[in-house]
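The values are calculated or read from the model by the stated rules, or taken from the named source; none is laboratory data. Everything numeric in this text was worked out from a predicted model, so none of it was measured. Every residue, glycine as well, gets a Cβ built from its backbone with ideal geometry; the counts of neighbours run over all protein chains shown.
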Amino acid sequence: MSTRAALAHQRGQDRIARGAADEVGQVWAQIDERDIRSSWLELVPRAATILAAAQLASALGAEEYLDELLGVAAPVVAAPAWEEITGTASDGRSLDTLLLQPGIRTLTAVQRGATPRRALMAGRIQLDTIARTQVTDAGRAAEQLGVAVRPRVVAYTRVVAPSACSRCMILAGREYSWSQGFQRHPRCKCTMRPLRPGERVDGDSPRALFDGLTREQQDKQFGRHAAEAIREGADMSQVVNARRGMQPATDRSRGRYTTEGTTRRGYAGRRLGELTDTSGRYARSRRPRLMPEAIMRDAADRQRALELLHEHGYLTDPPPPATSGGS
């Protein structure tokens, strides 16, 4: 497995996320300070369109990455519907709904006495975090979806950038089952490297990443006292609380279901059926649409995961029937 290819992919995904954040930031700059609420409501659809396009670019980048690592001829049992990943936040909400949050934060700050300019700065920071996180999350969801349809992939390791926070760094090189949800925090840049049976990746270790930093970088990313303890030989996992602030993308309380695409006109809505009103244009399926990572986490095996991914509109074609002795 090429570490260089994995890190190049990670940098590419980060460029897409940063570009999207810059674009929605330009949209945010058009808010009228005299009417923040109404002007942002008018701008939200434009910002959501930008993020959805960036999500698709991130998903397609993930597909190219998997093809590069595993080979374009690697068996794929079904074709992912990449567009179904776009337009939805990683917690299942629509992007339009999520993008209301920076406006709410801004108005709340004004109500508490902040000037409109200062309040808008606070909202802009939240918008930047939302943009980077949602685009990168879409890429990671695409990576897991791409792994799911490649039966030769049995696991993945976490690819951590040298500039990663301490919480991510101590997870570097850790191996996870192909279906296990990806732990991340807002603005997390980590990606995954797929593994086939018997494959191992050498060189990715928390200590190696730590030792590759300058003393100043170590102090910044871990805190001066924690970094000094590690330099003196303390166990990094004991020094850093790896799970603080991190949630699997399929945490049971959020990120499990979405209503996106579940109307009669939606791809998933037609698959799921059980419409609330068959005569209405926007009739919606009564059945909740599972997020892809929730499907992969909870399915009994890969075959069932693929069946559910198709049923919920994330694969364009049904998977082939399971063969005896299949995984």
Which pairs turn up if I take residues in region 1-26 that are among the polar types (S, T, N, Q) and look for partners that are not in a loop (DSSP other than H, G, I, E, B) with beta carbon separation below 7 Å, at least 6 apart in sequence or on another chain?
SER2/LEU69; GLN10/VAL159; GLN10/THR191; GLN13/SER58; GLN13/GLY61; GLN13/THR136; GLN13/GLY139; GLN13/THR191
Of the residues ALA234, ALA148, ALA227, which single one is among the small types (Gly, Ala, Ser) and either within 19 Å of HIS9 (Cα to Cα) or in contact with a Leu (Cβ under 7 Å, 6 or more places away or on another chain) (or both)?
ALA148
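Tell me, which residue of region 1-29 that is aliphatic (A, V, I, L, M) and at pLDDT 95 or above is farthest from VAL159 (Cα to Cα)? Don't jump to the end; show me each part of the working.
Looking only at region 1-29, we keep the residues that are aliphatic (A, V, I, L, M), and these are 1, 5-8, 16-17, 20-21, 24, 27, 29.
Going one step further and asking which of them are at pLDDT 95 or above, we end up with 16-17, 20-21, 24, 27, 29.
Numbers: ILE16: 18, ALA17: 17, ALA20: 22, ALA21: 22, VAL24: 27, VAL27: 32, ALA29: 34 Å.
By that ranking, first place goes to ALA29.
Take residues that are modelled with pLDDT of 70 or more and not aromatic (Phe, Trp, Tyr) and tell me which of the helices (runs of 4 or more DSSP H) falling wholly in region 242-327 contain 2 or more. Full working, then the answer.
Details: elements: 267-272, 292-298, 302-311.
Where helices (runs of 4 or more DSSP H) fall fully within region 242-327 and carry at least 2 residues being modelled with pLDDT of 70 or more and not aromatic (Phe, Trp, Tyr), they are 292-298, 302-311.
For GLN30, are the conditions met, namely being touching a helix residue (DSSP H, G or I) at 6+ places or on another chain (Cβ under 8 Å) and not in a helix (DSSP H, G or I)? Steps first, please.
Details: touching a helix residue (DSSP H, G or I) at 6+ places or on another chain (Cβ under 8 Å): yes; not in a helix (DSSP H, G or I): yes.
Answer is yes for this residue.
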